[in-house]
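The values are calculated or read from the model by the stated rules, or taken from the named source; none is laboratory data. Note that the structure is a prediction, hence the values are computed from the model and not measured. Here the Cβ positions follow ideal geometry from the backbone for every residue, glycine too, while neighbour counts run over all protein chains shown. Protein only, heavy atoms only, side chains kept; ligands, DNA and RNA dropped before computing areas. Shrake-Rupley method; radii C 1.70, N 1.55, O 1.52, S 1.80 Å.
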Amino acid sequence: MQAVVIGNFDGVHVGHRHLFHLASQSVDGGRVVAVTFEPLPAAVLRPERPMGRLTPAAERRALLRDLCGVAEVVELEPTLELLGRSPEGFVAELRRRVPFDAIVEGPDFRFGKARAGGLDTLRALGALHGFRVVEAAPVSVDLADGSRVEARSSVARALLAEGRVADAARIFGRAYELRCHTARGDQRGRTIGWPTANLDATGRILPADGVYAGSATLPDGTVALAAISVGTKPTFGESPRTCEATLLAPDGRPLPLPLDWYGFELRLRFHRWIRGMERFASLEALLARMELDRTEVVST
């Protein structure tokens, strides 16, 4: 017995995990396959509007297997030909590639040319071809302000855009994480006693400009506290938007990292917003504020 769930699964959040849990139940613990797209269809349909990723393909595959228990991840190339198929043609092509006995989707699932197909379409096709359709109720989570929202990738992106990383973590079921390689920066941090690891976050969604308390996992598995800065470093004049982190020991002292620590993967997690990005009148004023930031990171 095999069940499939179709979606972008960007972010692999608690709503996605619920879908896969129901899929496993629908086939009594049989195989569950995630059917997704690489790249995301928006990159083909709206190439003039590049959209950052919450989870690149390799990271998404790992999360689907580790958190959702899928046996296989099938990545379809979203060509105009595939996206232009009728709902019936899309399902026929899918069953050719991935035979399945059940499909699990939420009530707003749409597929096929012009998003013409929905759950009723799937049910009709299931009656013809012998597969079951399981409708999954949306999953909602409570945010820190007392509001309740559905767990959706779009909601997580909106929260990150406001710097609300703790609320976004409620959508994901874990802290928002960047798995990126370290890159050469302007090397200013080492001259002021705050050496930073600069991340090459190309194509990734960054939270709003500001300073965050977080943590990081180094290539050797060491976990450190992290004071994370996202923004354009306005105190030193405008520069490209970057993400950098000072890695801290438990007592708040910067970790002694090699000066040429470039090209290594760093797993950087955002736990809490500390403050917005500011332009300080002097380096001394900036350093005084950074000492307060360090205190807040250590106390998190």
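Figures for the structure shown
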read-out	value
Inter-probe distance in nm under a simple model that places probes 7 Å from Cα toward Cβ, at Arg289 and Arg97	4.9 nm
Three-way shape label, the range 167-291, alpha-carbon gyration tensor, a/c 1.5	rounded
R0 of 51 Å, Cβ-Cβ distance Ser282-Leu80: FRET efficiency to nearest 0.05	0.40
DSSP-defined antiparallel bridges as percent of all bridges, the range 97-223, nearest 5	65 percent
The range 101-201: trypsin sites (Lys or Arg not before Pro) in DSSP coil with no more than 12 other Cβ atoms inside 10 Å	Arg184
Separation between Cα centres of the range 266-300 and the range 31-87, rounded to whole Å	36 Å
Accessible area expressed per residue, the range 1-149, with surrounding protein chains retained (probe 1.4 Å, Å²)	48 Å²
Net dipole in debye of the range 1-143 [+1 Lys, Arg Cβ; -1 Asp, Glu Cβ; about Cα centre; nearest 20]	200 debye
For the range 45-95: rounded, prolate or oblate by the Cα gyration tensor [a/c cutoff 1.5]	oblate
Inter-probe distance in nm under a simple model that places probes 7 Å from Cα toward Cβ, at Ala116 and Arg267	4.5 nm
Of Gly130, Ser153, Leu80, farthest towards positive along the dipole that unit charges on Lys, Arg, Asp, Glu beta carbons give the range 32-171	Leu80
For the chain: relative contact order, % (alpha-carbon pairs under 8 angstrom, 6 or more apart)	16 percent
Fully extended contour minus Cα-Cα distance, from Ala71 to Ala42, at 0.36 nm per residue	7.8 nm
Relative contact order (percent, whole number), the range 194-300, Cα cutoff 8 Å, 6+ residue spacing	34 percent
Cα gyration tensor, the range 1-145 - rounded (a/c under 1.5), prolate or oblate	rounded
Under DSSP loop assignment and at most 11 Cβ neighbours within 10 Å, longest GluC sites (Glu not before Pro)-free interval of the chain	49-237
